[in-house]
1. Using only Cα atoms, tell me the angle between helix 196-209 and the longest principal axis of the chain; keep it within 0 to 90° and round to the nearest 10.
2. How far is helix 359-372 tilted, in degrees, relative to the longest principal axis of the Cα atoms in the chain, given as a value from 0 to 90 rounded to the nearest 10?
3. Going by C-beta contacts inside 10 Å, put 89, 260, 284, 232 in order with the fewest on the left.
4. Where does helix 347-356 land angle-wise versus the long Cα axis of the chain, in degrees 0 to 90, nearest 10?
5. In units of 2.2 N^0.38 Å, what is the alpha-carbon radius of gyration of region 143-208?
6. Count the DSSP beta bridges whose two residues both fall in region 196-372, then state the antiparallel fraction as a percent rounded to the nearest 5.
7. Work out the P(r) tail for region 169-259: percent of alpha carbon pairs separated by more than 22 Å, whole number.
8. Computed from the coordinates I sent, Rg and Dmax of the Cα atoms in Å equals one of [x] 29.4, 92; [y] 26.2, 84; [z] 21.2, 67. Tell me the label.
């Protein structure tokens, strides 16, 4: 077994771990010693206990979640001013720094999913001063935000490499002035082994569990307010408006609607709006459902600014993107013809087009997936190779 050591540090025990674990296993297969370090409790989440290799940096959750309101002061996002919670962040980091130095002792390369937010900025700064190299694994779709990103540019702070999902992400990083020598197009490991048939079976079970007799439309929300797209109230109003516009369409076709929320959202707020809508009996909010099961069960998906739109297209599920007042349509979904634009002025017409799922739109969706997800099925191996090259650079004393 090689003495080289790689450490993966994550804060999200779902998609971060799902993209890092297959890479760690591939590296172990190649003889590279790996460790997984969880900061999930800093975000009010829980470290999975069924993966023995994971070590928790924090023994207990600093604060329990209750929808979006339960984020600890130390877990403010990049969209929020650095001054907010600054003292709390500093105090937590002084304790966390010593713990992480112990857990990462011997690591020559540290892999992260974000290098532009707390506490990754502090962690990487400490590691770089000690000569440890770093690699970024892209955590989700990237696109310019209305107010930009607070702190460093995503991908600019790691020293060895940025593992981009596809050509679309590479274009974004280049346009963001990330050093081209560091950008490596690897694909998205989380989607390497996407078992479509298996998830479709779980999707059918999900529908049966909730008494749904036909494939629904999935409303896949995300916290656009922390990205600078207005307020939470604006987002909830968009959901309410969508239900009102969808009512005549889904009633005529007897199509149910399922709602899947992001971890930073409170499903109860959506359930309250749904209950008051004219189609409340057709809407079910599913807070505990696996996102891939919800996608696989659906005939179409509605998204705002989230990576789930790309994941839905990977399942072959057509998507519509809601227009955000004052901002239009986020990311490249509509721009490249992969998604139906759900314009505020005529949501009903857009929804009917989405349900028709024209062949030209399907072809555009397939091309979009190719642009965004490089070398599917081999991304874990590609990322592992990049990390091994970073290890070799460490051995040569490269910066």
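1. Between the helix axis and the principal axis of the chain, the angle is about 50 degrees.
2. With rounding to tens, the tilt is 10 degrees.
3. 232, 284, 89, 260
4. Approximately 80 degrees, to the nearest 10.
5. Values: Rg = 17.0 Å, N = 66, 2.2 N^0.38 = 10.8 Å.
Normalised Rg, Cα atoms only: 1.57.
6. The antiparallel proportion sits near 5 percent.
7. Values: 2414 of 4095 pairs.
Distances greater than 22 Å cover 59 percent of the Cα pairs.
8. Entry [z].
Laboratory data are not the source of any read-out in this text; all were calculated from the coordinates shown. Note that the structure is a prediction, hence the values are computed from the model and not measured. Neighbour counts are summed over all protein chains in view; Cβ atoms, including those assigned to glycine, are modelled from backbone coordinates with ideal geometry.
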